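J.: Below is one structure. I have some questions about it.
The values are calculated or read from the model by the stated rules, or taken from the named source; none is laboratory data. Worth saying up front: this structure is predicted, and the values here are computed from it rather than measured. Ideal geometry is used to build each Cβ from the backbone, glycine not excepted, and the neighbour counts take in all protein chains shown. Side chains are part of the model used for accessible areas, which takes the heavy atoms of the whole protein and leaves out ligands, DNA and RNA. Shrake-Rupley method; radii C 1.70, N 1.55, O 1.52, S 1.80 Å.
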Amino acid sequence: MRTRTISVLLILTLTSVVAVARPDEHSWDVYSAGEVDERIGRQLSQLAGQDQALIHFMKSSAEPSRAASEAGALTIELRLANSSQAFLDALKREAAAAALPPTAETAADGYIIEANYPRAAVPSLLRITASNWRGIHFALLRVPDLLAILPSGLASGLIPRPQSLRTERNGLSVVIVDYPSFPERGVVEGFYGTPWTHQDRADILRFEGAHGMNVYYYAPKDDPYHRKLWREPYPAEAQRQLGELVETAQRNFVDFCFAISPGLTMAYSSERDFQVLADKLASVGRLGVSCFALFLDDVPQDLQDVQDRRKFGDLAQAHTYLTNQLYKHLKEQSPSNRLVLTPTTYTNEWGNRAYLQELGAGVDPAVPIVWTGPKVFSPAISVEQANEWASYIKRPPLVWDNFPVNDGTRWCRYLGPLTGRDARLPGAVRGLFSNPMNEARASMLPLQTVADYLWNAAAYDPAQSHNHAIVSQYGPDAPGQLAPFLKAYGTYYWEDGAFTPLFQERRHPIDVEKMQSQWAELNSALDRLRYQRRLEPLLKEVSPAVKRTGERLPEVKADPAFQHLPDGTLQWDENYGALSAYHLSQSPNLDGDFGKWEKGSIYHLNEGAQVMRGEKLWRGPHDLSARVAFAWDASFLYVGVNITDPGFYQPFFGRGIQNGDTFLLKMETGFRKNFLATQPTGDEYALYFSPGDFAEVKPSIFSDEDYLPPRTSPHKYMQEIYTAWKKTPQGYSGDIAIPVTFFDGGKFAQGYELGMGFSVLKVIRPGRPTDTEDLERIVLQSKKDRLFSVTTGNPSSFPRLVLTEGK
């Protein structure tokens with residue numbers, strides 16, 4: 001791509017497009033004092049085509065503005081400032097009253113437009129000044145609106161709002177001073193599930209360029225060469241497509257940033273692994289990439305490799321070492337290279353603060369560190385929260401905004417505008433990029449509102465931006481035509497939408513008749529609009545969600561876990577799958593012998609309906625099954641287990657035992673307190689119990705808390721919970737005693753309720769070393785309702801366990 005960083009005077013002549021008769025030949029005459037960036041030339045040609053004008057590129061004349069005006073044409077002068085500092089100074093003077101002053105970074109994307117209106121309806125002169133071609137590009141995005149909106153309407157009609165707009169000379173002149181609120185603005189393809197297609201990505205890159213965004217992070221979790229197969233080079237065809245995407249990004253003034261996620265299997269201390277990582281990034285760098293990202297999110301939160309545990313004191317030390325080593329290497333390869341880090345703790349909602357503080361203190365200050373906000377899916381992000389996080393990481397965070405992502409709610413689409421982002425946030429963060437839905441086209445509606453916020457946060461109006469996005473993408477009739485979909489899918493990940501209770505268990509009644517009516521309205525709209533070609537790409541991505549809802553309605557209505565109330569609503573039956581624990585008059589002998597529990601209620605895991613994973617692997621109760629009993633006294637909740645698991649496999653101790661054969665308890669210890677809660681409260685537990693291998697590997701307990709709110713008082717599970725295990729001819733049996741201090745109120749009595757689910761897990765012994773995510777597993781769970789499984793992420797999903805007096 002050829003560019004020249006010299007002062008340029010570019011003149012465009014075009015006839016008026018508003019309320020003025022055109023001559024037979026409508027043309028744009030382009031004068032330049034030097035060579036024009038190819039991308040700008042292409043953009044001008046497209047704009048001229050949209051205006052049905054011929055375009056001629058010529059050398060500039062001595063007095064081009066006068067020549068153009070004498071011809072009765074509109075003159076556009078595009079000028080590159082002599083220096084970045086001079087342009088920044090000019091922006092500061094011209095936008096002195098703006099809510100957010102420009103910085104050196106935001107000025108690089110800024111511009112000044114001086115528009116003259118001698119005939120009052122349309123401009124006769126547009127003089128645009130910027131410090132580089134990217135600023136010229138962003139300025140040219142305004143041209144269609146400047147030609148279509150009367151000067152009196154510019155203040156309210158330009159979306160996103162410019163930072164400053166003033167009228168001079170009695171309305172004959174308008175000066176627009178503009179620059180983005182955030183220096184880094186863009187998209188991360190960072191969701192789980194089916195990645196975007198090559199065409200989707202190209203369309204998103206063009207969309208970003210057309211809406212003032214400037215970065216795209218390539219990080220699809222289920223691209224194997226990004227994550228699981230990070231060591232392996234991209235195959236030739238995939239490498240070719242990456243190259244095409246890089247070119248598309250460059251053509252649209254978007255920085256293509258390649259992310260890699262090696263943390264599942266990398267030995268951080270291994271020079272060999274590092275060289276493989278460096279070679280992988282070098283192969284991508286040869287495509288023209290200079291922005292790289294090291295994504296260490298959603299990886300084990302303890303060191304896994306033996307050599308790593310010997311070399312590093314903790315995970316933060318290992319991640320600091322790798323990040324700095326990689327950053328130094330990239331800079332040695334090219335000074336233009338940059339690196340972004342996503343740490344393992346990336347939200348206030350959970351994670352290790354000590355890890356974060358050590359990482360922030362150790363990682364090179366030039367490396368931005370990513371943060372998703374106060375939650376993984378943050379309803380709001382404030383300046384105060386950003387400043388608090390900055391104190392941990394010793395730099396302003398770079399925001400990964402998990403909106404409008406739907407990889408965890410595939411039954412839904414999120415079509416509403418961005419909300420809840422502080423207007424002052426640009427002053428506290430390095431930038432913000434959005435993680436969209438698996439559906440690229442549907443994502444463009446909310447993404448356009450994200451782009452508007454990123455350009456001018458202080459003036460952002462969600463409702464106005466949303467309506468503008470709908471009309472600009474699908475036409476003036478679209479708000480009415482799409483109204484049923486905008487209503488049904490106008491909520492957010494953190495809210496309950498029209499159909500949420502069909503897919504995520506709730507304890508309040510479900511109005512199925514209302515849902516049926518809403519679904520019928522959506523289905524009718526799909527039929528009515530199916531021949532609207534301009535709506536087809538959007539509806540193609542929305543219709544699977546409508547279809548799945550239609551399928552789910554009769555499934556939930558037929559679910560025996562629900563009661564049909566007289567008013568036609570459905571209510572979760574509290575007695576469905578309920579458990580009981582009987583009172584012990586004296587403390588039991590914890591010896592692993594299941595026989596002492598035989599007199600009480602025994603709960604079985606031995607039916608096909610209970611197999612929640614590995615249905616094709618499970619050969620019957622003789623292959624994997626369990627018997628479970630519950631009891632209690634004033635000090636403990638007791639769990640007795642007897643598991644059939646011939647040839648069980650458990651080579652792990654502590655963290656990692658879930659990758660071998662284990663027994664799992666999921667508990668909601670504040671059952672009534674959190675009865676209507678739909679998000680983790682800190683009272684949820686996922687406790688894995690391992691009997692060891694009755695030889696070299698000792699029994700152990702692991703609590704899966706990586707993605708739960710931090711405990712106010714951290715537990716030492718292996719010291720607090722008592723266990724005893726016994727090998728049996730068919731598998732193993734055991735006793736578990738959990739202290740009463742784990743439960744709300746800290747005191748047991750007859751009638752006390754808690755939430756309880758339990759499972760038995762079997763891992764098929766791998767024939768060779770493999771990624772733990774690829775292990776074959778069989779899981780049987782106690783809750784037989786296949787529509788709603790027990791999850792620590794949703795307190796409303798727990799069946800109740802009641803403490804009773806007798807056996």
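Here is a yes/no grid of residues against (1) within 26 Å of ASP593 (Cα to Cα); (2) at pLDDT below 95:
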position	(1), (2)
PHE652	yes, yes
LEU664	yes, no
PRO680	no, yes
ASP704	no, yes
TYR707	no, yes
THR712	no, yes
ILE721	yes, no
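J.: Still on this model: In the stretch 37-83, what residues are in a loop (DSSP other than H, G, I, E, B), at pLDDT 80 or above and either closer than 22 Å to PRO118 by Cβ or among the charged types (D, E, K, R) (or both)?
T.: Passing the criteria: only ASP37.
J.: If I filter the stretch 418-427 for residues that are in contact with a Lys or Arg (Cβ under 8 Å, 6 or more places away or on another chain) and over 19 Å from PRO220 (Cα atoms), do I get at least one hit?
T.: no
J.: Looking only at residues in the stretch 85-132 that are modelled with pLDDT of 95 or more and aromatic (Phe, Trp, Tyr), which one is nearest to ASN170 (Cα to Cα)?
T.: It comes out as TYR111.
J.: From the list THR419, THR449, pick out the single residue that is of a type outside the set (Asp, Glu), at pLDDT 95 or above, open to solvent by 10 Å² or more (accessible area, probe 1.4 Å) and under 30 Å from VAL546 (Cβ atoms).
T.: THR419
J.: Looking at (1) in contact (Cβ under 8 Å) with a residue 60 or more places away in the chain; (2) open to solvent by 20 Å² or more (accessible area, probe 1.4 Å); (3) part of a loop (DSSP other than H, G, I, E, B), which is the only condition THR723 fails?
T.: Status for THR723: all satisfied but (3).
J.: Now, a different point. Applying the selection to the stretch 414-448, what residues are of a type in the set (S, T, N, Q) and either in contact with a Pro (Cβ under 7 Å, 6 or more places away or on another chain) or in a loop (DSSP other than H, G, I, E, B) (or both)?
T.: Passing the criteria: THR419, ASN435, ASN438, SER443.
J.: Scan the stretch 358-377 for residues that are assigned to a loop (DSSP other than H, G, I, E, B) and either open to solvent by 10 Å² or more (accessible area, probe 1.4 Å) or touching a Leu at 6+ places or on another chain (Cβ under 6 Å) (or both) and report the count.
T.: 9
J.: Go through the stretch 563-589 and report how many residues are more than 25 Å from GLN781 (Cβ to Cβ) and of a type outside the set (Ser, Thr, Tyr).
T.: 10
J.: Could you give me the residue pairs with C-beta distances under 6 Å whose first residue belongs to the stretch 320-333 and is over 9 Å from ALA278 (Cβ atoms), whose second residue is of a type in the set (D, E, K, R) and open to solvent by 40 Å² or more (accessible area, probe 1.4 Å) wherever it lies, and which are 6+ apart or on separate chains?
T.: Filtered contacts from the stretch 320-333: ASN324/ASP364; TYR327/ASP364.
J.: Within the stretch 251-297, which residues are more than 28 Å from ASP203 (Cα to Cα) and out of contact with any helix residue (DSSP H, G or I) (no Cβ under 8 Å at 6 or more places or on another chain)?
T.: The answer is GLY263, THR265, GLU271, ARG272, ASP273, GLN275, VAL276, ASP279.
J.: Is it the case that ILE159 is among the β-branched types (Val, Ile, Thr) and over 31 Å from the mean Cα position of the chain (by Cα)?
T.: The answer is no for ILE159.
J.: Which residues, taken from the stretch 693-703, are surrounded by 16 or more Cβ atoms within 10 Å (Cβ to Cβ), in a loop (DSSP other than H, G, I, E, B) and in contact with a strand residue (DSSP E or B) (Cβ under 7 Å, 6 or more places away or on another chain)?
T.: Hit for the stretch 693-703 is PRO699, nothing else.
J.: Could you list, in sequence order, the residues of the stretch 195-222 that are touching a Phe, Trp or Tyr at 6+ places or on another chain (Cβ under 9 Å), of a type outside the set (A, V, I, L, M) and outside any helix (DSSP H, G or I)?
T.: HIS211, GLY212, ASN214, TYR216, TYR217, TYR218, PRO220, LYS221, ASP222
J.: In addition: Between a residue in the stretch 343-367 that is closer than 16 Å to ALA318 by Cα and any residue that is of a type in the set (Gly, Ala, Ser) and open to solvent by 20 Å² or more (accessible area, probe 1.4 Å), which pairs come within a Cβ distance under 8 Å, given they are 6 or more apart or on different chains?
T.: THR344/GLY351; THR345/GLY351
J.: Another question, if that's okay. Could you please find all residues in the stretch 74-120 being under 21 Å from HIS26 (Cα atoms) and touching a Pro at 6+ places or on another chain (Cβ under 8 Å)?
T.: LEU74, THR75, GLU77, ALA115, ASN116, TYR117, ALA120
J.: Take the residues in the stretch 726-745 that are farther than 21 Å from ILE778 by Cβ and touching a Pro at 6+ places or on another chain (Cβ under 9 Å), then tell me which one is surrounded by the fewest Cβ atoms within 10 Å (Cβ to Cβ).
T.: LYS726
J.: Then there is this: Restricting to the stretch 772-782, count the residues that are open to solvent by 10 Å² or more (accessible area, probe 1.4 Å) and modelled with pLDDT of 90 or more.
T.: Residues that pass the stated criteria total 5.
J.: So which of TRP389, TRP400, TRP411 ends up being part of a strand (DSSP E or B) and either modelled with pLDDT of 95 or more or crowded, with 19+ Cβ neighbours inside 10 Å (or both)?
T.: Selected residue: TRP400, the only one of TRP389, TRP400, TRP411 that is part of a strand (DSSP E or B) and either modelled with pLDDT of 95 or more or crowded, with 19+ Cβ neighbours inside 10 Å (or both).
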